[in-house]
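S.K.: There's a structure below that I have some questions on.
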Amino acid sequence: MSQFSKKLALVCALGGLSLSLTGCHGSKGLPEFAVPEEFDTSRNYEITFWAKNDTNKTQTEIYKKAIADFEALYPNITVNLNLYTDYGKIYNDVITNISTNTTPNVCITYPDHIATYLTGQNTVVPLDDLFADEKYGLGGTELAYDGPAREEVIPQFLNECSIDGHYYAVPYMRSTEACYVNKTYVENLGYTLPDVLTWDFIWEVSEAATAKNADGTYVANGQNVLIPFIYKSTDNMMIQMLKQKNAGYSTADGSIELFNDTTTDLLYGIAGHVKSGAFSTFKISGYPANFLNAGQCIFAIDSTAGATWMGTDAPLSDISEDSLVQFETAVRMIPQFDPEHPEMISQGPSVCVFNKSDSQEVLASWLFAQYLLTNDVQIAYSETEGYVPVTSKAQNSAEYQEYLSECGADNGTHYAVKIEASKLLLDHVDNTFVTPVFNGSASLRDASGQLIENVVKSTRRKETVDDAYMQKLYSDVESLYRLGQGSDASFGKKELGAMPRTSVILLSTLAVTWILILLYVGREYLKNRKK
């Protein structure tokens with residue numbers, strides 16, 4: 001071999017090495033997971049668990065106790081807890097770590113996010129085979145704890161964890177949205193609060209509440225501030241309104257139907273109520289519970305998981321005592337267009353297991369993930385907020401039924417508003433729905449809320465909201481969230497977000513390396529020609 005050929009081979013080998021060291025914006029690829037025939041208890045495993053706790057110390061202690069109890073059952077498995085205060089931060093960190101194969105082992109997240117994690121090759125473990133495994137599956141014979149059987153996981157909650165025909169998560173907790181009502185003010189305005197709220201009723205009372213006294217204070221509360229109706233999650237607001245109207249949002253295959261005539265009509269209606277001062281949103285005005293508890297809001301819509309912040313006696317109320325106003329708090333379903341056929345969203349965190357090159361490590365991770373479905377964990381966590389357990393095994397247990405029966409016994413564990421919010425979901429599971437999950441569904445969800453936020457903001461700024469405005473709004477939001485690209489690949493780019501810094505450095509290094517390689521090869525070629 002000539003000297004030039006040897007040098008060229010060496011350079012190409014170095015180039016190939018740089019490629020092997022450089023990950024694209026996604027997983028480098030892992031082998032498909034296969035359930036081991038036996039769990040190897042002779043080995044020690046260390047797994048990481050990423051969870052979200054809303055800065056609730058009680059929840060943190062529940063996680064820690066669950067880990068300690070699990071480690072007592074499996075002394076060869078160590079679980080390291082990493083707590084976050086925001087699901088978005090978990091999502092961003094997972095995306096960053098996919099590119100370096102350093103994802104956690106077990107993670108509390110949302111199915112919309114999991115759909116994006118799946119853009120990497122074999123990043124998240126499909127759980128179908130694990131569910132069905134006789135030894136280590138749901139209710140398996142070799143489990144060291146009493147876990148729920150497959151049929152004891154509430155089907156409506158489990159279905160949300162299905163993506164492209166496979167289960168990639170188990171539900172952890174479930175909630176829906178509730179309307180927390182200052183019943184005292186409603187009645188003072190001359191109205192009777194119905195058992196099922198309608199949008200017409202909400203808007204009528206909210207408009208009536210905008211009336212002011214001669215001194216500029218509001219008739220309803222005698223204060224200078226009143227926003228009759230505040231919605232926390234405007235993406236849920238739009239999604240549920242469209243569902244109740246039987247209008248398009250998206251299809252299971254990821255087709256976007258959000259920008260339709262019904263959406264336009266809803267936005268015009270919302271703009272009118274913003275203009276009168278009857279409606280605003282959390283992002284624009286602030287946390288609805290704070291306004292509710294201060295007597296500055298009549299209808300506050302938030303998750304049932306936020307019930308401990310709602311009401312005069314709320315254990316987690318965020319305002320000073322001298323700002324609290326005494327009133328009767330009522331808990332109702334979100335308003336409906338057709339009260340005879342109510343529709344409300346099912347939501348809440350799920351638990352996924354990330355793939356690793358060691359199938360035994362994955363199995364150890366699954367054993368812990370499944371432990372989170374045991375009664376002890378499910379009941380303890382559900383008692384902290386307005387969540388409900390995801391298994392019939394926990395829901396029907398004597399312990400949980402006793403908890404529900406003591407509604408209002410105190411303003412802590414048995415805070416009435418919290419338990420009423422839980423019962424709201426328990427009584428209406430069959431009226432809940434979930435949105436289709438696909439790579440890009442998280443962006444679509446954000447876009448649906450952005451439509452409302454932009455209209456509210458523009459109306460408050462006294463901008464004209466007309467057909468031309470709507471056309472531009474749809475175009476801007478479609479572009480912002482890349483909803484008009486027409487392929488799942490475009491969603492993947494948006495969903496993955498900004499490329500992690502490590503990936504940028506590695507890709508830049510690769511580009512520079514190949515430029516230098518080409519320059520070197522060219523120089524050597526010219527030198528050899530001269531010879």
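S.K.: Relative to the longest principal axis of the chain, what angle (0 to 90°, nearest 10) does the C-alpha long axis of helix 261-275 take?
M.R.: The helix 261-275 is inclined about 50 degrees to the chain.
S.K.: Longer than 20 Å from Cα to Cα, which of Lys65/Lys418; Lys283/Lys462; Lys212/Lys232; Lys245/Lys462; Lys52/Lys423 are they? Say none if no pair is.
M.R.: Too far apart for the 20 Å limit: Lys65/Lys418; Lys212/Lys232; Lys245/Lys462; Lys52/Lys423.
S.K.: Using 0.36 nm per residue, how much length does the chain from Glu399 to Asn159 gain when fully extended, once their Cα-Cα distance is taken away?
M.R.: Answer, rounded to one decimal: 83.8 nm.
S.K.: In the chain, if the dipole is taken from +1 on Lys/Arg beta carbons and -1 on Asp/Glu beta carbons about the Cα centre, which of Ile230, Val94, His166 is farthest to the positive end?
M.R.: The residue sitting farthest along the positive end of the dipole is Val94.
S.K.: Beta carbons within 10 angstrom, averaged per residue: use that to sort the peptides 80-91, 169-180, highest first.
M.R.: Descending packing order for the listed peptides: 169-180, 80-91.
S.K.: Rounding to the nearest 10 and keeping the result within 0 to 90°, find how far the Cα-based axis of helix 234-244 lies from the longest principal axis of the chain.
M.R.: That helix lies at roughly 70 degrees to the long axis.
S.K.: Going by Cα centres, region 168-194 and region 381-449 are how many Å apart?
M.R.: Region 168-194 and region 381-449 have Cα centres spaced 12 Å from each other.
S.K.: Calculate how steeply helix 441-460 sits against the longest principal axis of the alpha-carbon atoms of the chain, using the helix alpha-carbon long axis, and give the answer as 0 to 90 degrees to the nearest 10.
M.R.: 40
S.K.: Suppose we keep just the DSSP beta bridges with both residues in region 183-317; what percent of those would be antiparallel, to 5?
M.R.: Of all bridge pairs located within region 183-317, approximately 25 percent are antiparallel.
S.K.: Moving on. Give the span of the chain's Cα atoms along each principal axis, as three whole-Å numbers ordered largest to smallest.
M.R.: Cα spread of the chain along its principal axes, largest to smallest: 100, 61, 42 Å.
S.K.: Could I ask something else about it? Going by C-beta contacts inside 10 Å, put Leu138, Leu189 in order with the fewest on the left.
M.R.: Starting with the residue having the fewest Cβ neighbours, the order is Leu189, Leu138.
S.K.: Ok, one more. How high is the FRET efficiency from Thr58 to Arg523, r the C-beta distance, R0 41 Å, rounded to 0.05? Could you put the intermediate results ahead of the total?
M.R.: Values: r = 68 Å, r/R0 = 1.66.
According to the calculation, E is roughly 0.05.
S.K.: Just want the answer: with Cβ charges of +1 for Lys and Arg and -1 for Asp and Glu, which residue in Ala442, Val390, Leu424 is farthest toward the dipole's positive end in the chain?
M.R.: It is Ala442, whose Cα lies furthest towards the positive end.
S.K.: Take the alpha-carbon centre of region 70-95, take the same for region 260-321, and report the distance between them in whole Å.
M.R.: 33
S.K.: Moving on to the next point. Counting only DSSP beta bridges with both residues in the chain, tell me the antiparallel percent, nearest 5.
M.R.: Counting DSSP beta bridges with both partners in the chain, the antiparallel share is about 55 percent.
S.K.: Go ahead and estimate [θ] at 222 nm for the chain from helices alone: -39,500 (n - 2.57) per DSSP H run with n ≥ 4, summed, over the residue count, rounded to 500.
M.R.: Result for the chain: -13500 deg cm²/dmol, rounded to the nearest 500.
S.K.: Report, in debye and to the nearest 20, how large the dipole of the chain comes out about its Cα centre when Lys and Arg carry +1 and Asp and Glu carry -1 on their Cβ. Walk me through the intermediate numbers first.
M.R.: Values: 39 positive and 65 negative charges, 741 e Å.
In total the dipole reaches around 3560 debye.
Every read-out reported here was derived from the displayed coordinates using simple, explicitly stated rules and does not represent laboratory data. What you see is a predicted model; the values in this text were computed from it and never measured. Ideal geometry is used to build each Cβ from the backbone, glycine not excepted, and the neighbour counts take in all protein chains shown.
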